[in-house]
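Dropping a structure here in structure tokens format, bear with me for questions.
Read-outs: derived from the displayed coordinates by stated rules, not from any lab. Quick caveat: nothing in here was measured; it's all calculated off a predicted structure. In this analysis, Cβ positions are derived from the backbone assuming ideal geometry, glycine residues included, and neighbour counts consider all displayed protein chains.
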Amino acid sequence: MSPRPGFVLEVDGSTPPTLFWNGERFCQEKLPEGSRVVYAPEPLEPLVDPVAAVRHALTHPLGDSAPLPALLHAGMRLTVCFDDVSLPLPPMQAPDVRQLVIEQVLDMAAEAGVDDVVLVAALALHRRMTEAELRHALGDRIYEAFAPHGLLTQHDAEDPENLIHLGTTEMGEDVELNKRAATGDLLVYVNINLVAMDGGHKSVATGLASYRSLRHHHNPSTMRHSRSFMDAPSAELHSSNWRMGRLIAENGVKVFQIETTLNGDTFPAQFGFLQKREWEWSLRDRATYAATSTALDRTPSRVARQIFHSIRSPHAMTSVQAGEVEAVHAVTTSKVWEQQGVEVQGQTDIVTMGLPYICPYNVNSIMNPVLVACLGLGYFFNLYRGRPVVREGGVLILRHPTPWEFHPGHHPSYIDFFEQVLSQTTDPEVMSKVYEEPFATDPWYIHLYRTGHAYHGVHPFYMWYWCAHALEHLGKVVVVGGDPRAVRRMGFAPASTLNDALEIASDVVGRSPSLTHLHTPPLLMADVR
Amino acid sequence: MSIAGTLTGKRFFVTGSTGFLGTALVERILRTVPEAEVVLLVRPGRRTTAAQRTTREVLKNDCFDRLRSELGDRFDDEVGRRVHPVAGDVGLDALGLDDDGRRLLASCDVVVHAAATVSFDAPLDQAVEINLLGPSRVAAAIAATHDPAATHDPAATHDPAATPLPHLIAVSTAYVAGTHQGEAGEELLDANRFTIDADWQAEVDHARGLRQDLQARSRHPERLSEFARAARRELGGAGDHLLAARSEKLRDEWVRRQLVDAGSARARSLGWPDAYPFTKALGERALVAGYGMGTTPSDHQLPITIVRPSIIESALAEPRPGWIRGFRMAEPIIVSYARGLLREFPGVPEGIIDVIPVDMVVAAILAVAAHGPETEPSVYHVASGVRNPLRYGRLVDLVQDWFGRNPLYDDRGQPINVPAWSFPGRGRVQRQLQRATRAMDLVEKAVTALPVRGRQAELAAKVEDRHTLATRALGYVELYGAYTETEARYRVDRLLALADTLAPDDRAAFNFDPATIDWDHYVHDVHLPSVVEHARVRTSPGRSVVDKRPERARRAILSPDRHLAVFDLEHTLVASNVVDTYAWLASRHLSATRRASFVAGLVKDAPGLLALDRRDRGDFLRSFYRRYEDAPVDLLSEDAWELFHRHLLPRSFPDGFARVREHRRLGHRTILVTGALDFVVAPLRPLFDHVVCARLGVRDGRYTGRLDVLPPIGEARALLLAEYAEAHDLSLDEAVAYADSASDLAMLEAVGFPVAVNPESRLAAIARRRGWHVEHWSKAAGGSHSTLPLGPIDTSMSGRRNPVASPAPGGVRR
């Protein structure tokens, strides 16, 4: 039986309460009658033999590309780049897709007699991965073979020695990349394409770039003109990366792109209820939900956080394609769409979301308030094609505890951003003009980014720019159950219950608004007609 | 002739011009008497000349605002021409005058001696030197300048014998007549049947001898070790020099306290409420006996008038209503009451509080000066009690009513309710307060002994504050209680007769008739607004009116004028110490079972380590760092980076790091001074221009466990700073230092801008007392909270030998 597609439920008197994520907890809310709940499609059938599928993809490339073995020869300089810890979410059960793919790439390289191989984690301005994270992504075998010899590297966007400026696009955008990756004979990039924006030219043009290059598309204007940034043809973010990607190709940088898609099987069996529709919950689902949520309510959030961050997702590979970037990405995007797309008829006045404990930037870390905003107004809000699910001037209601907490090792500049910038302005434009530069060039943040596991000084700004489209579009943002001080600092309205939030929203959308709840994760992408 | 007319062009010699009455007198002369000049006897400060003190403490006082605006640009010229400061001291024989000073004194027509130590709890010997001997010294100096035989200056331009003797107006106090029931007339003390004729010379000798005696007793070994213990309790391990300085200060204070007590005891035994009126009374007697015209057949006879004001308070009208200088007797009581701290104050409701506005006293002095001396020493009271009595009960009602309508506000912006006094007896109030202070004493001792820091330590400081306030309240009751129970009535017949001789214009311009005071108006509209303004208390509600001081201090600290910022590390920038960094590094590569025994060992050693650290930081570091013996240098410096990112950074205070960076952005040099090891602080180097830290010796790629460099500790840090500043041509006055503990006191004292960061209770108390800026920096919410500072379990290095920790728990050596 093939998996069921996504589904939009209309709430009536007999509908059981709807599950909301709430950080490291869950809760159930009774939504007003007539509300809609959007469910993701059920997980697609995974590839039966992923190893064989990878091998097939490498030897049967798409677009204008030779098979990988044909591109490999003794004496060449091969650079294998891969997505960092921000993908997939949650981190997947071993073996990780990156390990599966890179093992085969390395086998082929070995067969061809290639002995100059360097692995590069494509961090962009993200934090460096820890040893444990690298071992998880690549497997111990690869780690042991490369790390002790200094051949397993992490992209350093602040190392002038290891960056090369390739030129500027017709729009004047600087393209500055990892030197080894850009000057080797072949760049193999291994992607995990969790959402539609991942991969394509963005892999190299963003993942291996410097601040000088990134600032051309990571800015409020680009983000406001990306509607949504998940929908490539409508996204300025996408266009900018594509211009850069083509410039990279024109400069003779040979890229062999490998993209993989995963199914929506996001949570392990004990959390099975998270992926089911409430009225289909079995007795067992109900019992585990009750037991889990009761237990979590009594667990200190610090411990709950540890429990959740130890979750390894059973994500399974649904496709793998390799070859020329654009041809590969077209196939990938349709595969992602197949897993996540749900048709939604028309916009509503209000959209509600329960935000989970994790976003791309707090793996094994704390979801600080800026990341809460980014996940809600950046990622989830933009998971649409056509029009946002919420109408212009409508209200977004998020549920998340939004604690005033930051990981000092991972997010040092976030702490100062929250204190020094958000206390002054929530306007992305003002931020980028007045405050971005000092943060981006602060030697202390650069030091922590380069030597520790800190996100780059400018990263919190990018998180806020990610929200720019939503901030412009929405009439109001209400956060249910959040730390009121932290919520207000970001310019949002705090509410203690969903009913209070609806009350607050009524100022903007009136007494009988239409409402849609996005039942995610598992991830879904709304195709709003 | 009018007062101004008579005094025009005269030259006044004034002592005590930096005081309340003196300032008002100088201002009034300059403003209302044409061409009159003033010679001011001013004691030079340690770093200021008499002229500088005159400008700073007299002419810049807001008393002169009116004159300044009347004269405009001419103020400086006019004042320069008419004011002549001379260096001198009424506590010294011949007033310590030089030739110029003597010449100026000789040229004066009127001498107003207004210098006194008015504090009611002055040490006995000081009160004796100034209050008792002061008037006679002034008289002697005058006599000497007019004695041809005593003239030291052959080149003197004047003929001393030819100039008439100046009129000496000695300011005393009405309370010289005591506080006994009955009326006191304006007569010399000899004529007053209530005052005992004490031998003033014997009292002088005794007071001087007493100081000698107390100085000797304070040096008794037992007493010295008591002071040393008290100093250590207060400062902890701040360093020998500072402890010595503190205990010496405590010794001085002890001597002073004893002298104060001796003064009050002696005064009471002779029937005066305290040392002030007692010494003033003997001073009058000494003056009259030594120099009084017609009283003794002496060569040194002078025309003398004694003016005895009662309790001088803010001006009724001149130079402006409410003008007051300093926080005087009644003000602290009123403010304590308004802050709800004085629940009760003794007193008799129908008793008379004899208050007189300062401008009336000044006017009376000038009228006396214009009137001229009489053939014998005469006395004027300037007091309100008989002519226009203000009853104590009425005063309390007026004050209560006013603060009911104009309350002060507490820290949280809530109005403070003033208590209703029930006029209990002095004994009961005293006993209540004594009980309260004793209880607070115990609480304070208990709290300061707790190992708390930051906000909790602030709490301890608050307890201490409360204690101080309660002690002070007790002091007020003990000192001033007598004045609220005064039943003496000071007659003013001569004063009123003097007023009668004045022309109507003068009576308005130089008003000193107490009958003209409307007490309701004076208390509500003149005095209390002025007191509240001077008391720097919160007079508006709401939280929005936050204390601006921290903000101002922060601005001063981050001013571009600063150029150096010094930081301590542990608990100032990072909540960590040498023990837990060691534990982290040592456990980094340990297996699970060995970790357990390692922890057990460290826990076992902990009390000993703490005790050693408290005793001597240097010894502690030396002995503790032995644990690094044989540790491989390479591995440790690699691990140290991990230590920093995984252990120290999560325990860091983001505000602290932000502050270091702000200093750097402002172009200030930044220095880190720490007892931590060089490889541990290596990741912090980008924040600092200069790092002073400990360094271990190295042999064959391994640490020897012996220190190559012991970083400066305690006072040595101040020396190091001084050297650094000198070498880089910087001034420590413009430097900022951040530290958390009293052991860094020397370093904090060395700079112009000390900042106590999350201070432990001792430093919190010190910072509070000295008004140092305090920062409360905390770990990022979400930072590490683990209790055991252990490295992450090493999955990769099974089989690799642990570099630091040995199998023996707590030990390192292999």
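Once the Cα atoms of region A:357-398 are picked out, what are the Rg and Dmax in Å?
Radius of gyration, then largest Cα-Cα span, for region A:357-398: 11.8, 36 Å.
Same structure again: Take each uninterrupted DSSP H stretch in chain B, measure its Cα extent along the helix axis, and return the ones at 15 Å or beyond whose mean Kyte-Doolittle hydropathy is at least 1.0.
Those that clear 15 Å and a mean of 1.0 are B:133-145, B:358-371.
Something else about it: If you rank A:Lys179, A:Lys433 by fewest surrounding Cβ atoms within 10 Å, what's the result?
A:Lys433, A:Lys179
Counting only other chains, what is the mean number of Cβ atoms within 10 angstrom of the Cβ of each residue in peptide A:400-410?
The per-residue average across the peptide is 5.
Something else: Counting other C-beta atoms within 10 Å, and keeping those with at most 15, which DSSP coil GluC sites (Glu not before Pro) do you find in region A:24-99?
A:Glu33
Let me ask you something else. Strictly over 23 Å apart at the Cα level, which of B:Lys60/B:Lys249; A:Lys30/A:Lys335; A:Lys254/A:Lys335; A:Lys202/A:Lys335 would you flag in this model?
Details: B:Lys60/B:Lys249 32 Å; A:Lys30/A:Lys335 34 Å; A:Lys254/A:Lys335 25 Å; A:Lys202/A:Lys335 18 Å.
Over 23 Å apart, Cα to Cα: B:Lys60/B:Lys249; A:Lys30/A:Lys335; A:Lys254/A:Lys335.
A further question on this structure: Using the Cα atoms of the protein assembly as shown, I'd like the radius of gyration and the largest Cα-Cα distance, Dmax, both in angstrom.
When restricted to the Cα atoms of the protein assembly as shown, Rg and Dmax are 42.1, 134 Å.
Using each residue's phi in region A:284-291, evaluate 6.51 cos²θ - 1.76 cosθ + 1.60 at θ = phi - 60° and report the 3J(HN,Hα) Karplus result to the nearest Hz, with x for Gly and Pro.
Per residue, the Karplus-derived 3J(HN,Hα) values read 5, 4, 4, 5, 5, 4, 4, 5 Hz.
Could you tally the net charge around A:Tyr143, taking each other residue with its Cβ under 11 Å from the Cβ of A:Tyr143, Lys/Arg +1 and Asp/Glu -1?
Counting the neighbours of A:Tyr143, the net charge comes to -2.
Separate question: Please list, ordered by chain and number, the residues whose modelled amide H lies under 5 Å from the amide H of A:Phe20; skip anything fewer than 5 residues away on the same chain.
The answer is A:Cys27, A:Gln28, A:Glu29.
Any aspartates and glutamates with Cα under 17 Å of the B:Lys10 Cα? List them, leaving off those in the same chain fewer than 8 positions away.
B:Glu27, B:Glu35, B:Glu37, B:Glu78, B:Asp109
Can you compute the FRET efficiency between B:Glu638 and A:Asp49 using 1/(1 + (r/R0)^6), with r the Cβ-Cβ distance and R0 = 30 Å? Round to the nearest 0.05.
With a Förster radius of 30 Å, E is 0.10.
Could you list A:Cys467, A:Cys359, A:Cys27 so that the one with the fewest beta carbons within 10 Å of its beta carbon is first and the one with the most is last?
A:Cys27, A:Cys359, A:Cys467
Sticking with this structure for a sec: Just want the answer: with Cβ charges of +1 for Lys and Arg and -1 for Asp and Glu, which residue in B:Ser247, B:Pro319, B:Asn61 is farthest toward the dipole's positive end in chain B?
B:Ser247
From the helices alone, meaning DSSP H stretches of at least four residues, give me the mean residue ellipticity at 222 nm for chain B, per-run term -39500 (n - 2.57), in deg cm²/dmol to the nearest 500.
Using -39500 (n - 2.57) per qualifying helix, the result is -14000 deg cm²/dmol.
Hey, got the Cα dimensions of region A:381-529 along the principal axes, in Å, largest first?
52, 32, 31
A further question follows. For the pair A:Trp337/B:Ala606, report the inter-label distance in nm, with labels modelled 7 Å from Cα in the Cβ direction.
6.2 nm
Per residue of A:126-133, count partner chain C-beta atoms within 10 Å of its C-beta, then hand back the mean as an integer.
2
Here's another thing I want to ask about it. Please list the radius of gyration and Dmax for region B:554-775, considering alpha-carbon atoms only, with Å as the unit.
Answer for region B:554-775, Rg first and Dmax second: 17.8, 56 Å.
Let me ask another. Can you say what percent of the DSSP beta bridges in region B:554-775, counting only those with both residues inside, are antiparallel? Round to 5.
Given both bridge residues lie in region B:554-775, the antiparallel proportion sits at roughly 20 percent.
Let me ask another. Based on other C-beta atoms within 10 Å, arrange B:Arg405, A:Arg399 from fewest to most.
Details: B:Arg405 8, A:Arg399 27.
Final ranking by Cβ density, sparse to dense: B:Arg405, A:Arg399.
Okay, next question. Please work out the ratio of the alpha-carbon Rg of region B:200-269 to 2.2 N^0.38 Å and round it to two decimals.
1.33
Evaluate peptide A:451-460: per residue, the Cβ atoms of other protein chains within 10 Å of its Cβ; return the mean as an integer.
Mean partner-chain Cβ count within 10 Å for A:451-460: 2.
Taking the highest mean first, how do the peptides B:112-118, B:214-220, A:70-76 order by number of other beta carbon atoms within 10 angstrom per residue?
Ranked from most to least packed, the peptides come out as B:112-118, A:70-76, B:214-220.
So, one more: Compute the signed sum of charges (Lys and Arg +1, Asp and Glu -1) over the other residues within less than 12 Å, Cβ to Cβ, of B:Leu224. Kindly include the intermediate steps, with their values, before the conclusion.
Working: positive: B:Arg217, B:Arg219, B:Arg223, B:Arg229, B:Arg251; negative: B:Glu222, B:Glu226, B:Glu248.
Charge balance near B:Leu224 sits at +2.
I would also like to ask the following. How big is the charge dipole of chain B about its Cα centre, in debye rounded to the nearest 20, if each Lys and Arg gets +1 on its Cβ and each Asp and Glu gets -1 on its Cβ?
Rounded to the nearest 20 debye, it is 4180 debye.
On to the next question. Please work out the C-alpha center-to-center distance from region A:301-341 to region B:682-740 and express it in whole Å.
One Cα centre to the other: 52 Å.
May I ask for the net charge around A:Arg529, where only other residues with Cβ less than 9 Å from the Cβ of A:Arg529 are counted and Lys, Arg are +1 while Asp, Glu are -1?
Once positives and negatives cancel, what remains is -1.
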